[in-house]
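Report on one structure; see the data block that follows.
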Amino acid sequence: MAQYSSLYPDYGFDTHVAYGTQKHRDTLTSGKQAVTGIHRTSYKPIKNILEQKEKVLVHICCGPDASVPLMDLKKDYEVIAYWYDPNIQPAAEHEKRFDAFVQVCEIEGVQYIRGEYDVKNFFKKIK
């Protein structure tokens, strides 16, 4: 382990040989790149890290049009859909489209965030 310590100094292998130290856990939590070739991939914390998908935030302004891109992106990413479109008028139409967006997210099992429907600011910015 002392020799591996020279390759992976962030883990402190020269002072310990187990996963249980705080320094080792802290280094592992920095992501997939923290897993080395000497880690056992069957060890649950390592396995969980390797199975994690990167997150991607996708701006969506029309629910049904997003269904295929969401399906495709879910293969490689943990998708978070962001609904924002103050351009949709009137408010009743905006709500109708938002409801369709929510349905698509629920069908696809995707988290979503609703942006503010700030029509006054939208018109002020495009003026």
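The values are calculated or read from the model by the stated rules, or taken from the named source; none is laboratory data. Computed from a predicted structure; not experimentally measured. All Cβ positions, glycine included, derive from the backbone under ideal geometry; neighbour counts span all protein chains shown.
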Exercise. Which condition number in (1) farther than 25 Å from Ala2 by Cα; (2) under 15 Å from the mean Cα position of the chain (by Cα); (3) of a type outside the set (D, E, K, R) is the one that Ser30 fails?
Worked result: (1)
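Just to be sure before I move on: is Thr41 part of a helix (DSSP H, G or I) and not assigned by TED's automatic domain parsing to the domain that holds Asn121 in the structure I sent?
The answer is no for Thr41.
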For this session: Could you list, in sequence order, all residues of segment 17-38 that are at pLDDT below 80 and either in a loop (DSSP other than H, G, I, E, B) or under 30 Å from Gly115 (Cα atoms) (or both)?
Result: Val17, Ala18, Tyr19, Gly20, Thr21, Thr29, Ser30, Gly31
Exercise. How do the pairs read when you match residues in segment 33-60 that are closer than 24 Å to Pro9 by Cα with residues anywhere that are among the hydrophobic types (A, V, I, L, M, F, W, C) and in a loop (DSSP other than H, G, I, E, B), using Cβ under 7 Å and keeping only pairs 6 or more apart or on different chains?
Worked result: Ile46/Val35; Ile49/Val35; Leu50/Val35
Seminar exercise, completed: Residue hits (segment 85-96; touching a residue at least 12 places away in the same chain (Cβ under 8 Å) and surrounded by fewer than 16 Cβ atoms within 10 Å (Cβ to Cβ)) are Asn87, Gln89, Ala91
Exercise. Considering only residues of segment 44-84 that are assigned to a helix (DSSP H, G or I) and touching a Lys or Arg at 6+ places or on another chain (Cβ under 7 Å), which is surrounded by the most Cβ atoms within 10 Å (Cβ to Cβ)?
Worked result: Gly63
